[in-house]
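A short worksheet on the structure shown next.
Each reported figure results from applying straightforward, stated rules to the coordinates on display, with no laboratory input. Not measured: the values here are computed from a predicted model. Cβ placement follows ideal geometry from the backbone for every residue including glycine, while neighbour counts extend to all protein chains displayed.
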Amino acid sequence: MSDLALALRRLGGTVTGGVARLGYMARFLGAILWYTPMALRRLHLTVREIYFSGVLSLVIILMSGLFVGMVLSLQGYEVLRRYSAQEQLGIVVALSLVKELGPVIGGLLFASRAGSAITAEIGLMKATEQLSAMEMMAVDPIARVVAPRFWAGVISMPLLAALFSAFGIFGGYLIGVRVIGIDAGAFWGQMQAGVKVWPDITNGIIKSIVFGAAVSLIAVLEGYDAKPTAEGVSSATTRTVVVSSLAILALDFVLTVFMFRGVGL
Amino acid sequence: MNRAAIDLWVGVFVAVGLGAILFLALKVGNLLTLDQTPSYHVEASFDNIGGLKVRSPVKAAGVVVGRVESIRLDPKTYAAMVTMRIDRDYSFSKDTIASINTSGLLGEVYVGLDAGGDAAMLNDGDRIAKTQSAVVIEKLISQFLFDKAAQGGAGK
Amino acid sequence: MPVAATADSHASLSPTRRLNPAAAAIELADVSFAYDTRPILRGITMTVPRGKIVAIMGASGSGKTTILRLIGGQLKPKKGKVLVGGQSVSDLEPDALYALRRKFGMLFQFGALFTDMTVFENIAFPMREHTDLPESMIRDLVLMKLNAVGLRGAAQLMPSELSGGMGRRVALARAIALDPMLVMYDEPFAGLDPISLAIVGQLIRRLNDALGITSIVVTHDVYESLKIVDYLYFVSEGKIVASGTPDEVRASSDPFVRQFVDGQPDGPVRFHYPAPPYHKALLADVE
């Protein structure tokens, strides 16, 4: 009986801990937004972070997009053939990528490549007392270190998701038209008829912006909060990837439901 | 990495990213379709529009020449009033037949235009006289059964 | 400038004796601090006179760095007051605190240089953040500071390319970048080779005298401290157990001071971590 009570207490503790963390995250976001004007005055800091988060993620995003698009094309063709609806392949590939896979897979890749790097960087700066040094020099580390990385993530994510989708569609075209032999006109024509800027593409962009904000916030928070030791930094990095991934999938569900209901016609 | 190089790469990245979004919007989606091209309106009345929706295509000989702009129910005749917007590049004779078709068995519903031989052309605001409603599968089946029943009865 | 004996430094060593308060730049008045439930400092009272170098010595974990953080306003005391120039640090508004911090310089343990910037940019950092000086002036000032620590030629290196001693000197140059009124050194001698040790020690002394600043050095390096500081405080288990000038410390008969200065393994700071009696622990296996 006491074992059960102990387990329940542990579970309750985890839940309340999680809720408290959510509140802390909200306050942290508030602090970031508060110091954003200060960070914008040093635009080159944000530009630099866009380079490290966005540009350096291009390789993995583009390659993954290409492969996902190609696989989607193959699998989609397989299924559509049963209903003699191969011509719809273009729509299937495009909608899957633009509405879901681009933002979600792009977000997961961004979290594991850029998110973990951000956490490690900030955590290391904390461990080597660089953040303290900044504080003692009367420079707020949130304005100078945290906010630029946050906004770089928010800006980079939609661009990366769009590139993922674009390359995926290109990969789908390569497999569908060049390899399998579907008519190019049907491929692009059906796609253009079926994919609407509003709501399909804009919903995808909204999702990628939300995911970018979530991943960036989690990454900077874990880094800023990390224990200033080697294990502290490494466990914070792992936590960033895990929590970001879960957050992306959960937010994806919430956003999809919201968008589905809102547009259902 | 000096600042100039970083700025350059970030500029390229943002440009390419925005380009991808534009690509998706234009080539993949249908941002710049006939909505921008000059067009004129034509009306048609149908007993049953089936699965026709606003923004469904209007095709002639399989080529998209316009879009359905609005669908209303005429309160007097209880028929569906469909307003179509047609690309100005295409003119249709006054005796054009408008029919509601489905591309393939399960495909999308569209308005098909069969041009006639009349020398006079449809103008903005004109109404198409001859229309053919959508084939509703259930009615077809019940018609078939009814015919079958009538045959059987007549044969006795 | 007088280094050791001044008019008010006679009399025996006593933890509660205070120097002339009118000359104090920093003052801790009965300060206590604890991390959650773990007490770090219990009733610390000390004074740092203007223009002098004061060392805070003690074993690792005795709360020395905490004192620096209290002075810098990164921590608030649970009891007592920390006064800088007569103002209580913990009662300051954030803006006033930031204004005060601009008059401080701090040398962190192992340097804490910003790893993504060059040596030059590290030292220029406080200048660019807090002044509107044109780049040409900043360049001159940075080179002057680097010259003072002997590293003008290393201006374009990255911190990862510096040796320990060089990194420490760069951090020192950064600490004095804005000509502060107070410089705090957190373990400036830790992990340095004898040459770098001597260099850093001399720089601390020379810069203090040349710039007219006040210095607090937290360290456990007895030899270097006795060479350069004006006054020492010994901290053990959250309290000040001894204090005095270098001469007084060398001549002291206080058991803690003697254990510390002579480096004896056992004394007031026990060798054995508290444990049950030895024979009991060994015999326990026999049961």
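Brief remarks follow.
- Mean-position separation - Cα centroids, segment C:130-162 and segment B:78-119, in angstrom: 78 Å
- For C:Val217, nonlocal amide neighbours, meaning residues 5 or more places apart or on other chains whose placed amide H falls under 5 Å from its own, are C:Val54, C:Ala55, C:Ile56, C:Tyr185.
- Equivalent ellipsoid, chain A (semi-axes from 5 times Cα gyration tensor eigenvalues, Å): 39, 23, 16
- Per-peptide packing, taken as the mean over residues of other Cβ atoms within 10 Å, places C:103-115, C:199-211 in the sequence C:103-115, C:199-211 from highest down.
- The calculated FRET efficiency for the pair C:Thr37 and C:Glu93, based on their C-beta separation and a Förster distance of 45 Å, comes to about 0.95.
- Stokes-Einstein diffusion coefficient of the protein assembly as shown, Kirkwood radius over Cα pairs, 10 °C, 1.306 mPa s, in µm²/s: 50 µm²/s
- Compactness of segment A:4-48 as Cα Rg over 2.2 N^0.38 Å, two decimals: 1.94
- The alpha carbons of chain C occupy a box of 76, 48, 38 Å along the principal axes, longest dimension given first.
- Whole-number D in µm²/s for segment A:120-252 (Stokes-Einstein; Kirkwood sum over Cα pairs; 25 °C, 0.890 mPa s): 141 µm²/s
- The alpha carbon gyration tensor of segment C:150-232 gives principal lengths a ≥ b ≥ c with a/c of 1.5 or higher and a/b no greater than b/c, which makes the shape oblate.
- Global geometry of segment C:43-115, whether rounded, prolate or oblate, following the gyration tensor of its Cα atoms and the 1.5 cut on a/c: rounded
- Note on segment A:208-255: Kirkwood radius taken over Cα pairs, Stokes-Einstein applied at 10 °C and 1.306 mPa s, translational D equal to 144 µm² s⁻¹.
- Orientation-averaged projected area, Cα convex hull of segment C:22-167 (nm²): 10.8 nm²
- Top of B:Leu24, B:Leu52, B:Leu122 by mean-square fluctuation, Gaussian network on chain B, Cα under 10 Å: B:Leu24
- Straight Cα distances below 16 angstrom link C:Lys79 to the lysines C:Lys239, with same-chain residues fewer than 8 positions distant left out.
- Column: log10 I(q)/I(0), Debye, Cα scatterers of segment A:103-185, q = 0.14, 0.18, 0.26 Å⁻¹: -0.63, -0.83, -1.14
- For the pair A:Ile180 and A:Glu100 in one chain, pulling the backbone fully straight at 0.36 nm per residue adds 26.4 nm over the alpha carbon distance.
- Fluctuation leader among C:Leu197, C:Leu133, C:Leu28 - chain C, Gaussian network, Cα springs under 10 angstrom: C:Leu133
- Projecting label points 7 angstrom from Cα along Cα→Cβ for B:Ser93 and B:Ala120 puts them 1.4 nm apart.
- Around the amide H of B:Asp126, modelled in the peptide plane, lie the amide H atoms of B:Glu43, all under 5 Å away and 5 or more residues distant in sequence or on another chain.
- The equivalent ellipsoid of segment B:32-149 has semi-axes of 26, 16, 14 Å, largest first, where each one is the square root of 5 times an eigenvalue of the Cα gyration tensor.
- Estimated FRET transfer efficiency (A:Leu255, B:Ala150; beta-carbon r; R0 45 Å; 0.05): 0.20
- Among C:His130, C:His220, C:His272: highest mean-square fluctuation, GNM of chain C, C-alpha pairs under 10 Å: C:His272
- For segment C:210-287, the gyration tensor built on C-alpha atoms gives a prolate shape. Its axis ratio a/c (a ≥ b ≥ c) is at least 1.5, and a/b is the larger of a/b and b/c.
- The aspartates and glutamates within cross-link reach of A:Lys207, meaning a Cα-to-Cα straight distance under 16 Å and a gap of 8 or more places when in the same chain, are A:Glu100, A:Asp252.
- Segment A:58-152 - Debye-derived log10 I(q)/I(0), Cα point model, q = 0.11, 0.20, 0.24 Å⁻¹: -0.52, -0.95, -1.14
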